[in-house]
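A.B. asks: I have a structure I would like to understand better, so I am pasting it below and will then ask my questions one at a time.
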Amino acid sequence: MTTSTTRRPLLRIRNLSVDYGFGDDAVHAVDGVDLDIGRGEVVGLAGESGSGKSTLAYAVTRLLREPGVIVGGEATYFEWPEGTDGGDETSGAQPVPVEVDLLSSDRSVIHRVRWSQIAVVFQSALHSLNPVLRVGTLIDDVLQAHEPSMGPKRRRARAAELLDLVGISADRLRSYPHELSGGMRQRVMIALALALRPRLLVMDEPTTALDVVIQREILTELMDLRSRLGFSVLFITHDLSLLIEIADTIAVMYAGRLVEKAPARALFHAPRHPYTYGLTHSFPSLHGPHRTMAGIEGSPPDLRRVPSGCPFHPRCAWALDICATQRPPDLELGGSPAARRVQCWLHEGEHHAPAELAAPTPAPLAASTNGGASTRTAGATVHSGGAS
Ligand code: SF4
């Protein structure tokens with residue numbers, strides 16, 4: 001497994017901040033977030049509703065709607081030469097990527113890379129697919145717009161190939177979205193997103209509306225496609241248990257801030273942030289001894305009036321005096337800068353983390369295709385006040 005430290009970069013986000021509205025009533029939805037995604041990496045972005053995870057994704061893909069406004073930061077996409085997929089920094093020749101400023105005021109920049117390099121799969125397929133167009137026409141429209149040199153015959157063949165890729169018969173090219181099941185519609189969304197062979201798939205709660213069986217089928221197929229095609233994934237969800245199984249790396253957001261980021265297995269078995277600890281102890285394991293579950297006291301803050309210092313301090317069992325007044329630093333833990341990060345005073349200098357937040361980091365699973373935890377979990381859904 002290529003680790004996050006040796007992957008070539010694909011997306012780099014620095015100090016990104018997004019508000020909704022202006023002035024005193026502005027909602028600070030994303031507040032100074034740094035995030036990296038490597039080539040071929042699956043990064044899970046977890047957090048409860050309103051934590052800023054979707055806003056972050058829509059900001060970097062420039063799909064943010066008014067009154068959302070990017071008030072600071074950078075987002076750089078690394079466009080690698082064709083035929084350099086799959087390599088890490090230790091392999092052979094070193095290709096040089098083109099750095100694309102996704103936040104450029106020149107909209108042609110984002111128009112060039114969106115869909116062809118970075119594609120988005122939205123949550124509700126029923127609302128995202130044009131109800132009066134057949135599936136074949138939907139795919140054909142994309143190919144016609146972005147691949148003008150492709151003739152009708154090749155477009156038809158490509159449309160059938162895309163449906164086949166996601167496990168749907170080519171007969172369905174003639175179907176309207178309402179004639180498909182929820183799972184099939186979501187597969188069509190994935191097929192559409194893959195139409196131009198993007199290098200990064202941004203998936204915003206793509207399976208939330210589906211039952212768990214269909215959800216699992218689609219995720220298994222998605223991971224298989226990822227292995228075959230080599231794209232990276234930014235997977236946004238409030239369902240932490242999904243990420244533990246599919247992600248290489250998990251980032252946790254709270255009140256617009258990215259409070260912890262770590263390899264999936266490390267985050268699950270040895271969390272460093274009290275909020276992550278609360279989440280991972282809010283749902284039962286299907287294996288191992290019974291344990292007492294405890295939700296997280298309190299509710300997420302109103303983003304128009306985020307608590308001073310650490311926004312989690314009113315709910316934190318380990319809060320220090322400094323937590324109420326000073327914003328915690330963004331700390332790199334564990335030697336390797338890319339390995340894990342946490343925003344918490346408990347891990348800084350003179351302070352001491354409690355034993356619960358200092359468990360040894362588990363070694364990566366050698367045979368794993370991702371960094372996922374081996375422990376299966378039941379319904380780890382992040383909601384206000386904890387997880388259920
Ligand atoms: Fe708790 Fe303080 Fe850490 Fe925030 S910075 S999570 S309040 S200990």
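The values are calculated or read from the model by the stated rules, or taken from the named source; none is laboratory data. In this text the structure is predicted, and so the values were computed from the model without any measurement. Positions of Cβ are generated from backbone atoms using ideal geometry, with glycine treated the same way; all protein chains shown enter the neighbour counts.
A.B. asks: Residue check, residue 18 against (1) part of a strand (DSSP E or B); (2) surrounded by fewer than 23 Cβ atoms within 10 Å (Cβ to Cβ); (3) more than 13 Å from the chain's Cα centre (by Cα), all met but one. Which one?
C.D. replies: Residue 18 satisfies all of (1) part of a strand (DSSP E or B); (2) surrounded by fewer than 23 Cβ atoms within 10 Å (Cβ to Cβ); (3) more than 13 Å from the chain's Cα centre (by Cα) except (2).
A.B. asks: Kindly list the number of the only condition in (1) touching a His at 6+ places or on another chain (Cβ under 7 Å); (2) over 24 Å from residue 114 (Cα atoms) that fails for residue 196.
C.D. replies: Just one mismatch for residue 196, condition (2).
A.B. asks: When you look at residue 197, is it within 25 Å of residue 60 (Cβ to Cβ) and surrounded by fewer than 16 Cβ atoms within 10 Å (Cβ to Cβ), yes or no? Can you show your working first?
C.D. replies: Numbers: within 25 Å of residue 60 (Cβ to Cβ): yes; surrounded by fewer than 16 Cβ atoms within 10 Å (Cβ to Cβ): yes.
So residue 197 passes the test.
A.B. asks: Which of the residues belonging to region 310-327 are more than 13 Å from residue 31 (Cα to Cα), within 27 Å of the chain's Cα centre (by Cα) and outside any helix (DSSP H, G or I)?
C.D. replies: 312, 316
A.B. asks: Sticking with this one: What about residue 295, is it away from the ligand (no atom under 12 Å from the Cβ), touching a residue at least 12 places away in the same chain (Cβ under 8 Å) and either in contact with an Asp or Glu (Cβ under 9 Å, 6 or more places away or on another chain) or not hydroxyl-bearing (Ser, Thr, Tyr) (or both)?
C.D. replies: Numbers: away from the ligand (no atom under 12 Å from the Cβ): yes; touching a residue at least 12 places away in the same chain (Cβ under 8 Å): yes; either in contact with an Asp or Glu (Cβ under 9 Å, 6 or more places away or on another chain) or not hydroxyl-bearing (Ser, Thr, Tyr) (or both): yes.
The answer is yes for residue 295.
A.B. asks: Tally the residues that are among the aromatic types (Phe, Trp, Tyr), modelled with pLDDT under 95 and either out of contact with any helix residue (DSSP H, G or I) (no Cβ under 8 Å at 6 or more places or on another chain) or in a helix (DSSP H, G or I) (or both), restricting the search to region 274-285.
C.D. replies: Total meeting the criteria: 1.
A.B. asks: So, one more: Consider region 21-39. How many of its residues are closer than 15 Å to residue 53 by Cα and not in a strand (DSSP E or B)? Let's see the steps before the verdict.
C.D. replies: So in region 21-39, the residues closer than 15 Å to residue 53 by Cα come out as 27-37.
Subsequent filtering for residues that are not in a strand (DSSP E or B) retains none.
Of the residues in that region, 0 qualify.
A.B. asks: Related question: Here are some conditions: (1) of a type outside the set (Phe, Trp, Tyr); (2) assigned to a loop (DSSP other than H, G, I, E, B); (3) within 20 Å of residue 53 (Cβ to Cβ). Residue 196 meets all but one. Which one does it not meet?
C.D. replies: For residue 196, the exception is condition (3).
A.B. asks: Say whether the condition of being over 18 Å from residue 268 (Cα atoms), within 12 Å of the ligand (Cβ to nearest atom), surrounded by 17 or more Cβ atoms within 10 Å (Cβ to Cβ) and without any contact (Cβ under 8 Å) to a residue 40 or more places away in the chain is met by at least one residue in region 337-351.
C.D. replies: Within region 337-351, one or more residues are over 18 Å from residue 268 (Cα atoms), within 12 Å of the ligand (Cβ to nearest atom), surrounded by 17 or more Cβ atoms within 10 Å (Cβ to Cβ) and without any contact (Cβ under 8 Å) to a residue 40 or more places away in the chain.
A.B. asks: Working carefully through the options 49, 4, find the one that is at pLDDT below 95, assigned to a loop (DSSP other than H, G, I, E, B) and surrounded by 18 or more Cβ atoms within 10 Å (Cβ to Cβ). Give the steps one after another, and end with the answer.
C.D. replies: Values: 49 fails: surrounded by 18 or more Cβ atoms within 10 Å (Cβ to Cβ).
Every option except 4 fails the conditions.
A.B. asks: Could you please tell me which pairs satisfy a Cβ distance under 6 Å, a separation of 6+ or placement on different chains, a first residue in region 252-268 that is within 14 Å of the ligand (Cβ to nearest atom), and a second residue that is of a type in the set (Phe, Trp, Tyr) and at pLDDT below 95?
C.D. replies: Filtered contacts from region 252-268: no entries.
A.B. asks: Do we find a residue being under 21 Å from residue 55 (Cα atoms), within 15 Å of the ligand (Cβ to nearest atom) and surrounded by 23 or more Cβ atoms within 10 Å (Cβ to Cβ) anywhere in region 270-277? Steps first, please.
C.D. replies: Looking only at region 270-277, we keep the residues that are under 21 Å from residue 55 (Cα atoms), and these are 275-276.
Those still in the list that are within 15 Å of the ligand (Cβ to nearest atom) too: 275-276.
Add one more test, that the residue is surrounded by 23 or more Cβ atoms within 10 Å (Cβ to Cβ), and what stays is 275-276.
Yes, the conditions are met somewhere in region 270-277.
A.B. asks: Could you figure out which of (1) within 16 Å of the ligand (Cβ to nearest atom); (2) crowded, with 21+ Cβ neighbours inside 10 Å isn't true of residue 306?
C.D. replies: Of the numbered conditions (1) within 16 Å of the ligand (Cβ to nearest atom); (2) crowded, with 21+ Cβ neighbours inside 10 Å, the odd one out for residue 306 is (2).
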